Every structure is written in structure tokens, then in C-alpha cells.
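The values are calculated or read from the model by the stated rules, or taken from the named source; none is laboratory data. Just so we're clear, the structure is a prediction, and the values are computed from it rather than from any experiment. Glycine also receives a Cβ, built like all others from the backbone with ideal geometry; neighbour counts cover every protein chain displayed. These area figures cover heavy atoms from the full protein model, side chains too; ligands, DNA and RNA do not enter into them. Shrake-Rupley method; radii C 1.70, N 1.55, O 1.52, S 1.80 Å.
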Protein chains: 2
Amino acid sequence: MDHHHGCESGGDGAHAELEALVAKVPLFAGLTHEQISEIASRVRPRVVPRNQQLYGAGDINPYLRIIHTGTVKVYRITESGHEQVIRVLGSGDFLGEKAVISPSASDHFAVTLDESEICSLDHEDMRSYLLRYPSVAFTMLETLSARLGTTEEQVSAMTGEDAAGRVAAYLVGLADEYHRSSFLLPISKKDVASYLGLTPETLSRRLAAFEDNGWIHLHGSRRVDLLDIEALRLV
Amino acid sequence: MDHHHGCESGGDGAHAELEALVAKVPLFAGLTHEQISEIASRVRPRVVPRNQQLYGAGDINPYLRIIHTGTVKVYRITESGHEQVIRVLGSGDFLGEKAVISPSASDHFAVTLDESEICSLDHEDMRSYLLRYPSVAFTMLETLSARLGTTEEQVSAMTGEDAAGRVAAYLVGLADEYHRSSFLLPISKKDVASYLGLTPETLSRRLAAFEDNGWIHLHGSRRVDLLDIEALRLV
DNA sequence: CGCCGCGTTGAACTCTCTCAACGTGTGTGG
DNA sequence: CCACACACGTTGAGAGAGTTCAACGCGGCG
């Protein structure tokens, strides 16, 4: 009983372990034990090292991937060669749903930022779950709908807010998400800049200005303390 | 058989008409005749005059709306009072799905641009169809996934392309959609500017520059002829 | 027929990007 | 374990693109 890749050492033990993992995935919340078990039997768990590309533009990527631990960055390269970070995924999130829903070559890239545990599901299997288990489809609708809302807000922010406004909103958003006013940036400042549609230089200047105003405090290259959230909310 | 406005005047005739209407909606493609009939019996058709607001930010909007004819503009007002056009809907499109999927106050506005025939579905009913008819949920997933892709591209375009590039891409996109190099803008130039994240002044200047280059020809306030699509594709 | 909003044009301003140089830290290989 | 290298991050100065403000012509809806 020892298989090669990572996770699944033992027979029943590993399977039970895998079921527990699958049961924790929000996408599969609300399924019965049997249904979870069925899915777990077809899932391929894997430990992916840091900085590994999961797929790139042009790839036909046949898997829905679910992140158990770690972080994944999804980005796109524009025609002008400019890198645009689309979103950052963490525990419980999934990616690759587009390939499941409407198979076609991917137009973006996905890379791990930390060592990550990721489960892969063949898209034929996933399709069958979507059609057989309405709650899975419904949860996926919830997720896509929420993601669409976020992306639409991003569009508004790009044109409606200036650099300072976007940076401030981003920091306040992180504080809300973590329920803390001191936190580590989930991605490098370079990537934050890309996500906000700014150059690294501009981001650096805005952060420096916020610090001069006494609104934030920067520590090391990732830690941020928000000292005056109200001031930041007012842009 | 003369009904006032398509709606619910007569008995069977009107119902059969309504079924034919529902059967044409992409969202309900693939359903059996009985299922279509069930949905048709719960649908509320309505003719909406031009420039009528369907719902606004803050409203709790309990309907999924399906557009049979006409055009609807969906937009958002940013904190700074800036209007941002999110998308423009036409025949076969639906809106209000967010209220169905995760009920909450709307954060955007929807207005008719032409007189439009629009069917409303109570969100409890729609929820039940989503859970009972997997193909409906799947089609909705397809739609949301495609819309998400479009919106993500919009984000990239906002930061990766300059004004000329966005205007050119928009014009070429319309030509592709209509399969014609001469067409009418679906919305006012003011709204086009908002959609592209520009001021009306900048849009006007870019269009004038394209016309000077002999790439396009403007006629009246809405008609556009593309004279050199290749030049436009190269930005 | 009149009016309001759309669209256009002009000129000045401001914000961000670009280019460049320098400091830092992180990961790697000797 | 240390040294080096490369990518990240910061700071400065300059240029360019889009916005803003203002005025005016035009057209469509009431």
C-alpha cells in the first residue's frame, strides 16, 4: 500500500481521509455521504510545489481544480505583453470551471504561490455532478455570480477611482476579509499593483504617501498595519 | 383574438403564444414541452416603454427578467457619482439572476433603451426550476461563465489598452457581432464612452481621428461604417 | 416650435506612466 | 555557512495621455 504521489498512502485510510477533504469543499456542501464518497473516489489529490504553473494560455485544461491549502494566482497577458492579475485563490476555492462549462483553450495562466494541496477532477466527471446534483450547480452559480460582482466592481474602480482610491479600497477590503487591521499582503506588491491596474512605482508612491499621512504603517515587504481606516475609506 | 399588449388577455390562445415565446428563450432550451408549459404558466409578460427603470440600486428586486424584444442598459453609479455602463442586453438575454441566486439589494440600475417586451419570473419559481431542471442551471452557468470572461477582458483592456485601442476594439467587436461593417451603435456615444471607461470628449476625439485616417465614416449620430478593419485591429 | 441634453471642439492642467538608478532581501550554489 | 546574483522595491525626474472646464452647434423629444 504505498502509492507514489503524496497524499494517498494507505487504502481505506487514505480514502476516508480524502472523503473528509472533499466534504470540506464548499462546492460540495449539502451532498450526502454517498455522493461525497463517489466524488472522492474519482478525485486526484496532489501536492504542488511553489511557483508551479497549473496551466497557461492556449492549454486545453481538462480539470476542475480545488485548492485545499496554499494560494494560486490567476493572471492574463495582454496583447501588449502586460501582465494583469485577475484574482488570487485560497483554501476552498476552485478554478478551471470554464473548461468544464464550455471547453475551449484557456486564455489565462494559473500559478501556485505557495506549496499547495490541489485536487483535480476530470471535467467529464464534474459535468456529470453538475447535471445530477442540483446543489452543486447551484453553489457554482453562487460562486460565479459573486465573482462576476467582484469583477464588475473592479471595472468600475478602474475608471471611477484614482490610484489612491483603489489602493485604499484594496487595503480596507483585505482588513475586512481578515477581520484585522494588521495583515500580510497575500501577494507581492508587484502583483498587487497589477491587480489594481497600476505600475509598481505608483503603488509604492501611494503607500508611501499613506504612511506619511499616518494612515498606515509598513513593516518588511508584506506586513501592513492600518492605523486610520476611516481616513482610508474616504479615499 | 386581439390582445392589448401580448399579455394575458385571452385564455388558451394567449397561453400558446406565451409558450412559443418561452420556448425561444435560450435559458430554457432543451426543456420538454410540458416543462415549457409549466414555466409559461407562471411567467408574467409585459411591454415596457422606452426609458423605464426596471430596478435601481438599493431595490430588492424579486424577479428574473427575460428580454424578448428591445434593449436594456445595466449600469452602476460609483461613489464619486460617475456612471459606469456594465453591459447592454438584447433579445434572449436575462437579468436579475443575482437576486435569484443570492437575494440581496441590487447595487446597479437597469433601464430600457427601447420599448421592450420583458417577461418576469418570480425568484422562488426560478429557484425551483434551477434545482429541478439541470439543463437550466447548466445553461445559466454557461451564460455567467461567458459574461465573466467578457468582464475580465474588460478589466484587462482598461489597463492594457489606451483609449484608441479600446475604441477600435469596440467597433471591431460590434462589426463581428453584426457580421457587417456598417451598423448603428446600440447605445448613445455618451454611454459608449462610459462603457469603455472614457469621457465623451475623449471618445469624440478618437472617433474624429479615426475618420481623419480614413478608417471609419460617421453618419448621423449613430451610424458607423468601418472602412479599414485591419487598421483598426492593429489599434 | 422650443428647449434640454447630446455631441463636438479648444485649451490648460494633472495624474500616471516611463525611463533610470539605486538599495534590499531572498534564494541559490559554491 | 557564506557569498553572490537576480528579482523586487523604492525614489527621482521628465513626458505624455486623458481629464476637466468651458463654449457652442445641433437634434430629437415633448
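Here are the numbers for this structure:
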quantity: Cα centre as origin, Lys/Arg/Asp/Glu Cβ charges: the stretch B:12-157 dipole, Debye; calculated: 120
quantity: Counted charge near B:TYR75, where neighbours are those whose Cβ lies closer than 10 Å (Asp, Glu -1; Lys, Arg +1); calculated: +1
quantity: Accessible surface of A:SER194 - all protein chains present, 1.4 Å probe, nearest 10 Å²; calculated: 10
quantity: Viscosity 1.567 mPa s, temperature 4 °C, Stokes-Einstein D of the protein assembly as shown from Kirkwood C-alpha radius, µm²/s; calculated: 52
quantity: Sulfur and carbon atoms: percent of accessible area, the protein assembly as shown [1.4 Å]; calculated: 51
quantity: Amide H contacts of A:GLY92 (H built 1.01 Å from N, under 5 Å, at least 5 apart or other chain); calculated: A:ILE67, A:HIS68
quantity: Radius ratio Rg over Rh of the stretch A:72-207, counting only Cα atoms, Kirkwood formula for Rh; calculated: 0.99
quantity: Probe 1.4 Å, accessible area per residue of the stretch B:115-235, Å²; calculated: 45
quantity: Over the stretch A:44-151, equivalent-ellipsoid semi-axes from the Cα gyration tensor in Å; calculated: 22, 17, 14
quantity: Minimum 20 Å² accessible area buried by the other protein chains, the stretch B:75-99 residues, probe 1.4 Å, relative to alone; calculated: B:ARG76, B:THR78, B:GLU79, B:SER80, B:HIS82, B:GLN84, B:ILE86, B:LYS98
quantity: Table column - 3J(HN,Hα) (Hz), the stretch A:220-235, Karplus curve with 6.51, -1.76, 1.60, x for Gly and Pro; calculated: x, 9, 10, 7, 10, 10, 8, 9, 9, 5, 4, 4, 5, 4, 7, 6
quantity: Dipole of the stretch A:105-235 [Lys/Arg +1, Asp/Glu -1 at C-beta], most positive-end residue of A:ASN213, A:ALA175, A:SER194; calculated: A:ASN213
quantity: Ellipsoid semi-axes in whole angstrom, largest first, where each is sqrt(5λ) of the Cα gyration tensor of chain A; calculated: 36, 19, 17
quantity: Area buried, chain B against chain A - accessible surface, total, 1.4 angstrom probe, square angstrom; calculated: 3500
quantity: Karplus-derived 3J(HN,Hα), 6.51/-1.76/1.60, for each residue of the stretch B:162-173, Hz, glycine and proline x; calculated: 8, 4, 4, x, 5, 5, 4, 4, 5, 5, 4, x
